[in-house]
1. Taking only Cα atoms, what is the 0 to 90° angle, nearest 10, from helix 35-46's long axis to the longest principal axis of the chain?
2. In the structure displayed, which of Lys18/Lys52; Lys18/Lys74; Lys49/Lys88; Lys116/Lys165 lie more than 20 Å apart, Cα to Cα?
3. Pull up all non-local amide H partners of Asn200: gap of 5 or more, or a different chain, and H-to-H distance under 5 Å with H placed in the peptide plane.
4. Per the helix-only calculation at 222 nm, which mean residue ellipticity applies to the chain, given -39500 (n - 2.57) for every DSSP H run of n ≥ 4 and division by its residues, nearest 500 deg cm²/dmol?
5. Quick check: net charge around Gln108, other residues with Cβ under 12 Å of its Cβ, Lys/Arg +1 and Asp/Glu -1?
6. Show the residues, 5+ positions off or on another chain, whose built amide H is closer than 5 Å to the amide H of Thr173.
7. Running a GNM on the chain with Cα contacts under 10 Å, which residue among Ala72, Ala33, Ala61 ends up with the highest mean-square fluctuation?
8. Between 0 and 90 degrees, rounded to the nearest ten: what's the tilt of helix 72-83 against the longest Cα principal axis of the chain?
Amino acid sequence: MSAQPPSSVTKLHWDFLKPGDTIDVIAPSSPPANPQQNIAAIKAYFADKDIKVNIPDGLIAPTVPLNAANTAEKRVAFIEQALNSDSKAIWAILGGGWGSELLPLLAQLKPPARVKPIIGYSDVTALHIFFNHVWNWPTLHSIELGANGDIEPAWNQNHIEETLKVLRGEQTTLRYPLTPLNTVAHTPGVHDGLRVVGGNSLLLSAMKGTILFMPDTDNGILFIESVALNPGELSRILDGFMYSDMVLKAKAVMFGNFVQTGGHPNPAEIEMQFEYIQNRFATKLEQVGIAVLRAENLFGHSANNQPLPFNTNAVLTLGTSPMLEVSVN
């Protein structure tokens, strides 16, 4: 098959959730440490909510030796089941690893009539890449049900209700203050008709240069967050990005949190090195007219990981106090 790059502003949309609607839970990557306990906690959280969750039997059957949530074929089968069910949204239980191996299997599926938001972050970036780029669907970069403080002790402390408000349409436009990192970002101007795509640095690096699965960033904002990389590793990844169409076709690059150990603040020396690498990257992209900005503690593997719609209309205001405004749907 051949993927068609999405238009600058997607025309597809998902329906806002109403009382009584159902969310399908998927496990596209790694399993929780204690799957049954985690599933029970998710069900308990939603027991008194006006939104239901469906967690199918057999969703998690950890594999050996890689400890994926299930075999690739079964993980995709559960995703296909969720895509074609009566649910209104699909929410990942966890990221972790092994999501990228699902991409060629997902490419064999046919899009259903109903568009549904795919929700998650980190390794779920593989799904964002597929649904944004191949099917041209909007998705939602946000917390995961199995790794959130409302369910069990976890890195992200954003309340699930914050994401539910977005899914219900109680918030239809989200705004985020940004920090400019180069002179292009400091130059005043309003850029409409953009869209945010991207996600985790490792997944983006893995798909960089591929024919089917490299995110199309033409007239877009490439979002990058990172975890479990030391400064040297991250430096090599960003050096590669600088020569990739994934970056060179973008209107802007927006950094989320760069965290060496998930859920823990970086040591001062590591934080200084991460900031130096980001600023060096930003300075080099000045030469090709690409704005580089940072979302300060808004998205990623820290306590704060706010909902960020992908592949929807976005407006980027540049200058001394840049602002990103993103349509939910």
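1. That helix lies at roughly 90 degrees to the long axis.
2. Going by Cα-Cα distance, Lys18/Lys74 fall outside the 20 Å limit.
3. Ser122, Thr125, Glu225
4. -7500 deg cm²/dmol
5. -1
6. For Thr173, whose amide H was placed from the backbone, the distant partners under 5 Å are Val328.
7. Largest GNM mean-square fluctuation: Ala33.
8. 80 degrees
FYI, it's all coordinate maths here, none of it is from the lab. What you see is a predicted model; the values in this text were computed from it and never measured. Heads up, the Cβs are rebuilt from the backbone with ideal geometry, glycines too, and the neighbour counts pull from every protein chain shown.
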